[in-house]
Structure formats: C-alpha cells, structure tokens
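The values are calculated or read from the model by the stated rules, or taken from the named source; none is laboratory data. Since we're looking at a predicted model, the values are computed, not measured. So basically every Cβ, Gly included, is an ideal-geometry build from the backbone, and we count neighbours across all protein chains shown. Remember, those area values only see protein heavy atoms, side chains included, never the ligands or the DNA or RNA. Shrake-Rupley method; radii C 1.70, N 1.55, O 1.52, S 1.80 Å.
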Amino acid sequence: MSELQKITPFHVDAAIRCFYRLYAAQLGKERWGDKTPSYGRHMRAIEQVLPEACFIHIIRDGRDGRFVAS
C-alpha cells in the first residue's frame, strides 16, 4: 500500500506533506522545500493549507558585473 493510500481520512495537507517527505527521503534529506517562483503569488493559500510553512524572500544584488552582456 502506498503512503498516500494510508492517509485516512484523506486530506490535501497530509498528502502534500507525505509527497514532500517521501521526496526528501529519496534524496537522503531531512527537510524539504520548494523554490517554484510562481508560488510567491500563492503564499496566503499555501499558509492556509500548511500553517507551519516558512517563506524565505531572497533579493539578489544585480550589481555583480560577472554577468553583464557585452
């Protein structure tokens, strides 16, 4: 029986946690995260489903001259 089938009663939040927990375990990691850029527009919805979610906002400094097109 798959881990998702063991979730009773089935709830979307439990399924999301299960999916990412299995993904992290497959990669030998203790924690999981997702860096899909478009999720930034859905942070309130994500927070409602996964209230333990943490959001990290990274602002990159564009002054690094190594990637200047010539």
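Figures for the structure shown
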quantity	calculated
Per-residue ³J(HN,Hα) for segment 7-14, Karplus 6.51 cos²θ - 1.76 cosθ + 1.60, θ = phi - 60°, Hz, x for Gly and Pro	7, 9, x, 6, 9, 4, 4, 5
Carbon + sulfur, % of accessible area of the chain - ligands and nucleic acids excluded, 1.4 Å	57 percent
Shape of segment 24-66, Cα gyration tensor, a/c cut at 1.5	oblate
Estimated [θ] at 222 nm from DSSP helical runs (n ≥ 4, -39500 (n - 2.57)) normalised by residues in the chain, nearest 500	-9500 deg cm²/dmol
Burial ranking of peptide ranges 26-34, 13-21, 46-54 (average Cβ count within 10 Å, highest at the top)	13-21, 46-54, 26-34
For segment 19-27, Karplus couplings with θ = phi - 60° (6.51, -1.76, 1.60), whole Hz, Gly/Pro x	4, 6, 4, 5, 4, 5, 4, 4, 8
